[in-house]
Amino acid sequence: MRGLIVGMANDQSLAWGCAEALRAGGAELAITYQNDKARRFVEPLAQELEAPIFAPLDVTDPAQVEALFTEIAERWGSLDFLLHSIAFAPKEDLHGRVVDSSVEGFCLAMDVSCHSLIRLARHAEPLMKEGGAILTMSFYGSEKVVPSYGIMGPVKAALEASVRYLAGELGPSGIRVNALSTGPVRTRAASGLSHLDALIRLASEKAPLHQLVTIEQIGHMAAFLLGPKARFVTGQTVYVDSGYNAVSG
């Protein structure tokens with residue numbers, strides 16, 4: 001299997017946990033980094049994964065997206081899976097009330113965190129000649145109000161709806177699309193939340209398993225959903241959060 005991993009920032013990233021599990025299962029990986037600042041953290045991880053493709057990718061730059069998929073097409077000729085693990089919102093909008101969010105901030109969060117999945121899926125589709133799998137990352141705040149999650153709640157809700165529509169549209173080509181909804185994890189992206197410590201404490205207390213999910217456990221579920229054993233699973237939001245989503249209040 002050959003797949004593209006998008007959104008790795010460091011060895012605490014959800015994408016890193018997924019990449020490790022996929023590589024352990026024998027997958028060959030293409031790894032991207034957002035910019036030169038991120039490269040010094042991601043390049044050693046790409047080397048550890050023996051990634052034959054290591055390329056810059058700012059999903060807001062159409063030229064970089066085009067260049068990445070051109071390289072994949074020329075080097076591999078096909079693609080089996082795509083992992084999308086990207087989320088961003090401007091701090092002033094993320095920390096404020098949704099009702100006070102700016103048009104610019106909301107649109108940027110939606111573009112980077114949601115529509116980028118659609119753009120990447122569009123480029124991946126022609127390379128998934130024998131079918132394939134696409135997976136993105138979501139969070140419980142997409143369906144319930146989570147303090148401090150702000151505009152990312154509506155954005156993740158849109159992301160999960162996009163997963164269902166992409167699954168419907170790409171299914172006839174044998175391409176599956178799913179979302180993995182994780183419990184709170186201390187990643188660089190999550191560090192932008194203003195009440196992360198309280199959220200993590202609440203999740204560990206309320207979850208039926210009374211423990212936080214790890215990036216390794218997230219990686220195992222991602223590897224399953226992207227692999228052949230999940231070939232009849234599509235259009236789903238699958239939870240790996242120690243059961244936190246099942247508890248009310």
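The values are calculated or read from the model by the stated rules, or taken from the named source; none is laboratory data. Fair warning: this is a prediction, and the values are worked out from it, not measured in the lab. All Cβ positions, glycine included, derive from the backbone under ideal geometry; neighbour counts span all protein chains shown.
Annotations
- Thr187 being out of contact with any Ser or Thr (no Cβ under 7 Å at 6 or more places or on another chain), at pLDDT below 95 and closer than 27 Å to Asp80 by Cα: no
- Glu125 being in contact with a strand residue (DSSP E or B) (Cβ under 8 Å, 6 or more places away or on another chain), of a type in the set (D, E, K, R), at pLDDT 95 or above and more than 15 Å from Ser85 (Cα to Cα): yes
- Options Leu45, Leu49, Leu68, Leu29; residue that is touching a Ser or Thr at 6+ places or on another chain (Cβ under 9 Å), aliphatic (A, V, I, L, M) and closer than 26 Å to Gln217 by Cβ: Leu45
- Of the residues Ala51, Ala121, the single one that is more than 16 Å from Ala158 (Cβ to Cβ) and out of contact with any Lys or Arg (no Cβ under 6 Å at 6 or more places or on another chain) is Ala51.
- Every residue from the stretch 93-114 that is without any contact (Cβ under 8 Å) to a residue 40 or more places away in the chain and within 27 Å of Thr32 (Cβ to Cβ): Glu104, Cys107, Leu108
- Of all residues in the stretch 76-115, those satisfying the criterion of being exposed (fewer than 14 other Cβ atoms within 10 Å of the Cβ) and aliphatic (A, V, I, L, M) are Val99, Val103.
- Which numbered condition Thr32 misses (of (1) in contact with an Asp or Glu (Cβ under 8 Å, 6 or more places away or on another chain); (2) under 30 Å from Ser142 (Cα atoms)): (1)
- Lone unmet requirement of (1) within 17 Å of the chain's Cα centre (by Cα); (2) assigned to a helix (DSSP H, G or I); (3) among the charged types (D, E, K, R) for Lys37: (1)
- Meets criteria (part of a helix (DSSP H, G or I), surrounded by fewer than 24 Cβ atoms within 10 Å (Cβ to Cβ) and in contact with a Lys or Arg (Cβ under 7 Å, 6 or more places away or on another chain)) for Gly153: no
- Residue that is surrounded by the most Cβ atoms within 10 Å (Cβ to Cβ) [pool: residues in the stretch 61-75 that are of a type in the set (Val, Ile, Thr) and without any contact (Cβ under 8 Å) to a residue 60 or more places away in the chain]: Val65
- Within the stretch 125-136, the presence of a residue that is without any contact (Cβ under 8 Å) to a residue 40 or more places away in the chain, surrounded by 22 or more Cβ atoms within 10 Å (Cβ to Cβ) and outside any loop (DSSP other than H, G, I, E, B) is excluded.
- Of residues in the stretch 1-26 being assigned to a loop (DSSP other than H, G, I, E, B) and in contact with a Leu (Cβ under 7 Å, 6 or more places away or on another chain), the one farthest from Glu216 (Cα to Cα): Met8
- Screening Val98, Val112 for residues that are under 14 Å from the mean Cα position of the chain (by Cα) and of a type outside the set (Lys, Arg) leaves exactly one candidate, Val112.
- Complete set of residues in the stretch 52-73 that are assigned to a loop (DSSP other than H, G, I, E, B) and either closer than 15 Å to Ser113 by Cα or hydrophobic (A, V, I, L, M, F, W, C) (or both): Leu57, Asp58, Val59, Thr60, Asp61
- Cβ-Cβ contacts under 6 Å between residues 6 or more apart (or on different chains), taken from a first residue in the stretch 203-227 that is surrounded by 17 or more Cβ atoms within 10 Å (Cβ to Cβ) to a second residue that is of a type in the set (S, T, N, Q) and in a helix (DSSP H, G or I), are listed as Leu212/Ser204.
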